[in-house]
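**Student:** I'd like to ask you about the structure that follows.
The values are calculated or read from the model by the stated rules, or taken from the named source; none is laboratory data. A quick note: this is a predicted structure, and the numbers were derived from the prediction, not measured. Glycine also receives a Cβ, built like all others from the backbone with ideal geometry; neighbour counts cover every protein chain displayed. Heavy atoms of the whole protein, side chains included, go into the accessibility calculation; ligands, DNA and RNA do not. Shrake-Rupley method; radii C 1.70, N 1.55, O 1.52, S 1.80 Å.
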Amino acid sequence: MKRKPTVGAVLSATALLAGVIQVAAVPAQAGVPSVGQQRDALFSLARAEAGPLARALALGGQEGLIVKDAVADANGDRHLRYHRTFAGLPVVGGDLIVHQRANGSISSVDRDFAGQLALPSLSPKLSADQAAAGATEAVRATLGAAAGAPAQVGATGEAQLVVWAVGDTQRLAYRTVVEGVRADGTPSRQRLITDAATGAVLASDDDIRTVTATGTGTGVHVGAVTLTTQGAGTYQLKDATRGNLSTKDMGVAGNPVFTSGTNVWGNGLPSNRQSAAVDAQYGAATTWDFYKNTFGRVGIRGDGTGTYNRVHYGNNFVNAFWDDLCFCMTYGDGPSNTHPLTELDVTGHEMTHGFTSATAGLGSTGEPGGLNEATSDILGTMVEWYANLPADPPDYFLGEKLDLYGTGLPVGYLDRPSKNGSAKDYWYQGIDGIDPHYSSGPAEHFFYLLAEGSGPKVINGVSYNSPTADGSTLTGIGRDKAAAIWYRAVLIYLMPNSTYKSARAATLNAALDLYSYVERDAVAAAWTAVNVN
């Protein structure tokens, strides 16, 4: 994704922006807008700008803009993320980001679909019922009859008519949500786009982001920690200082929030049901703190709202997943229900799926899916570095405490992703056809090289030896700068259909936004080192 030329139009800024530029991570005081009020004001400004922006960008007369997100820099620059509509229909693939200076002038525009929309007809050949039935059958086939899933698959609601605009293609389509259950018991909620004339599946995405790299643990992964709870006499595992984030027990009828009469939780053993809850609650609180204290983002959506955890899901469930609909994380107890999958970098990974969904909206397949998974692995790893726990010393490995294969080895590696036997170190033509948990490798490798550099080294007592595709020798710029660049790229520049080349352009822009040409050149060299040019 490249920066677009400046559009010759200046839009009036409003006094509403005053006091809204910086989302302060402090309690509301008299005369000082709260985080929610500041965000609402910025969204109101973005909505007011939608009409003038549509005209300034020369969109067609039937096209409109709906605000998805709005971010303001400390210097007053604004980044307005919009969904596009055509004749009142949502445009899938039509998202755009308008970058404004503080005075309201447009500095650049990033678009998924650059052209004007012009459909010859808005009359579909298939009915909504036919589209829903076809989408359901498509999902039934992907989940597989062997799992007993077909009886549990069905469309939720009527298929919605949309405009499909991806690449150079635009056509009338249906968007259908189909729910089901995967072979391992993980729920599935797929959003399918099907051609309104033929019923062919154009794209699919799953709302529920899963971690396939799951395995066994050893009780409470985080060790002895301090928790913020709620109550007196009877305490709840609920944190009012972090958006009321809480942890629930799915093994008890009604899935209640965990309670205690002593405010002492768990004993570090999986046989105590509270032990997994301690991991999950601490992990969610630490991830909240990481985003707030590192990037000034209050809550995963940036709106001050906390998520919640669900532990003890299913029976012998060896997985964990993020669900956009409930805005929550769910953890299984692993083999024999004795190994809860609540490691800290797993929590950071899952919550980051929520951040990505609220911003870039990257899909779950192809190169966008790889970038989605990489974002969760990168920022989930940074949560571990932020926590710096004695029980879980930070490193560039993924799920190192889970011992998935009984070998004592990590599930994943940022320094050389291929060491797990499946992930890829470098980009290649066709990488979009593999599992996104493996196509994420080049981006994770890029991040490690950008942060720490190439070759053998010992970091925090752990040995690494990271290669480069071009044989270059790289010196890192530090993990904090690298994380800030990646975060800004996702927040400001990436879009649902972004590719690896888009990510290169986005991080180059982010590096120059935040730092200097020194960091920008380091970003370019790190991408070249993983064969993204």
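**Student:** Going by the conditions given, is T342 more than 25 Å from A484 (Cβ to Cβ) and open to solvent by less than 10 Å² (accessible area, probe 1.4 Å)?
**Tutor:** Criteria met by T342.
**Student:** Of the conditions (1) touching a Gly at 6+ places or on another chain (Cβ under 7 Å); (2) touching a residue at least 40 places away in the same chain (Cβ under 8 Å); (3) under 25 Å from D205 (Cβ atoms); (4) open to solvent by less than 50 Å² (accessible area, probe 1.4 Å), L402 fails just one. Which one is it?
**Tutor:** (3) is the only condition that L402 fails.
**Student:** Now for a different question. What do you reckon, is A132 over 16 Å from P90 (Cβ atoms), open to solvent by less than 30 Å² (accessible area, probe 1.4 Å) and modelled with pLDDT of 85 or more?
**Tutor:** yes
**Student:** Then there is this: For the stretch 492-522: of the residues being of a type in the set (S, T, N, Q) and touching a residue at least 12 places away in the same chain (Cβ under 8 Å), which is surrounded by the most Cβ atoms within 10 Å (Cβ to Cβ)?
**Tutor:** It comes out as T507.
**Student:** Give the residues of the stretch 79-104 that are farther than 21 Å from A506 by Cα, among the polar types (S, T, N, Q) and at pLDDT 90 or above, sorted by residue number.
**Tutor:** T85
**Student:** Test each condition in (1) buried (at least 21 other Cβ atoms within 10 Å of the Cβ); (2) aromatic (F, W, Y); (3) farther than 23 Å from A503 by Cβ for F113 and report the one that comes out false.
**Tutor:** Just one mismatch for F113, condition (3).
**Student:** Can you tell me which of L80, L122 is in contact (Cβ under 8 Å) with a residue 12 or more places away in the chain and surrounded by 15 or more Cβ atoms within 10 Å (Cβ to Cβ)?
**Tutor:** L80
**Student:** Taking into account only those residues within the stretch 282-332 that are at pLDDT below 95 and among the acidic types (D, E), which is farthest from D69 (Cα to Cα)?
**Tutor:** Of everything passing the filter in the stretch 282-332, D323 is farthest from D69 (Cα to Cα).
**Student:** Any idea which of Y291, Y282 is under 21 Å from the mean Cα position of the chain (by Cα) and open to solvent by less than 10 Å² (accessible area, probe 1.4 Å)?
**Tutor:** That would be Y291, the only listed residue that is under 21 Å from the mean Cα position of the chain (by Cα) and open to solvent by less than 10 Å² (accessible area, probe 1.4 Å).
**Student:** Could I ask something else about it? So, in the stretch 98-118, exactly how many residues are touching a His at 6+ places or on another chain (Cβ under 8 Å) and outside any strand (DSSP E or B)?
**Tutor:** Residues in the stretch 98-118 being touching a His at 6+ places or on another chain (Cβ under 8 Å) and outside any strand (DSSP E or B): 0 in total.
**Student:** Of the residues that sit in the stretch 19-59 and are of a type outside the set (A, V, I, L, M, F, W, C) and not in a helix (DSSP H, G or I), which one is modelled with the highest pLDDT?
**Tutor:** Restricting to residues being of a type outside the set (A, V, I, L, M, F, W, C) and not in a helix (DSSP H, G or I), the top hit is S34.
**Student:** Across the stretch 455-475, what is the number of residues that are free of Cβ contacts under 8 Å to residues at least 40 places away in the same chain and either open to solvent by less than 30 Å² (accessible area, probe 1.4 Å) or of a type in the set (K, R) (or both)?
**Tutor:** Here the count works out to 2.
**Student:** Could you please tell me which pairs satisfy a Cβ distance under 6 Å, a separation of 6+ or placement on different chains, a first residue in the stretch 364-389 that is under 11 Å from S440 (Cα atoms), and a second residue that is open to solvent by 10 Å² or more (accessible area, probe 1.4 Å) and of a type in the set (A, V, I, L, M)?
**Tutor:** Pairs that qualify, where the first residue is under 11 Å from S440 (Cα atoms) and the partner is open to solvent by 10 Å² or more (accessible area, probe 1.4 Å) and of a type in the set (A, V, I, L, M), are D377/L398.
**Student:** Quickly run through the stretch 233-258 and pick out the residues that are closer than 21 Å to N272 by Cβ, out of contact with any helix residue (DSSP H, G or I) (no Cβ under 8 Å at 6 or more places or on another chain) and among the hydrophobic types (A, V, I, L, M, F, W, C).
**Tutor:** M250, V252, A253, V257
**Student:** Tally the residues that are surrounded by fewer than 24 Cβ atoms within 10 Å (Cβ to Cβ) and on the phi < 0 side of the Ramachandran plot, restricting the search to the stretch 322-333.
**Tutor:** Summing the residues that are surrounded by fewer than 24 Cβ atoms within 10 Å (Cβ to Cβ) and on the phi < 0 side of the Ramachandran plot in the stretch 322-333 gives 5.
**Student:** So which residues in the stretch 416-454 are of a type in the set (D, E) and open to solvent by 60 Å² or more (accessible area, probe 1.4 Å)?
**Tutor:** Scanning the stretch 416-454 gives D432, D435.
Condition check ((1) of a type in the set (V, I, T); (2) closer than 26 Å to N388 by Cα; (3) in a helix (DSSP H, G or I); (4) touching a residue at least 60 places away in the same chain (Cβ under 8 Å)) across all residues:
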position: V225; (1), (2), (3), (4): yes, yes, no, yes
position: T247; (1), (2), (3), (4): yes, yes, no, yes
position: G268; (1), (2), (3), (4): no, yes, no, no
position: Y291; (1), (2), (3), (4): no, yes, yes, yes
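Conditions tested, residue by residue: (1) free of Cβ contacts under 8 Å to residues at least 40 places away in the same chain; (2) on the phi > 0 side of the Ramachandran plot; (3) out of contact with any helix residue (DSSP H, G or I) (no Cβ under 9 Å at 6 or more places or on another chain); (4) part of a helix (DSSP H, G or I).
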site: K424; (1), (2), (3), (4): yes, no, no, no
site: D432; (1), (2), (3), (4): no, no, no, yes
site: E444; (1), (2), (3), (4): no, no, no, yes
site: A484; (1), (2), (3), (4): no, no, no, yes
site: A524; (1), (2), (3), (4): yes, no, no, yes
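**Student:** Give the stretch 88-97 a look and list any residue that's over 24 Å from the mean Cα position of the chain (by Cα) and in a strand (DSSP E or B), or say none.
**Tutor:** The answer is L89, and nothing else.
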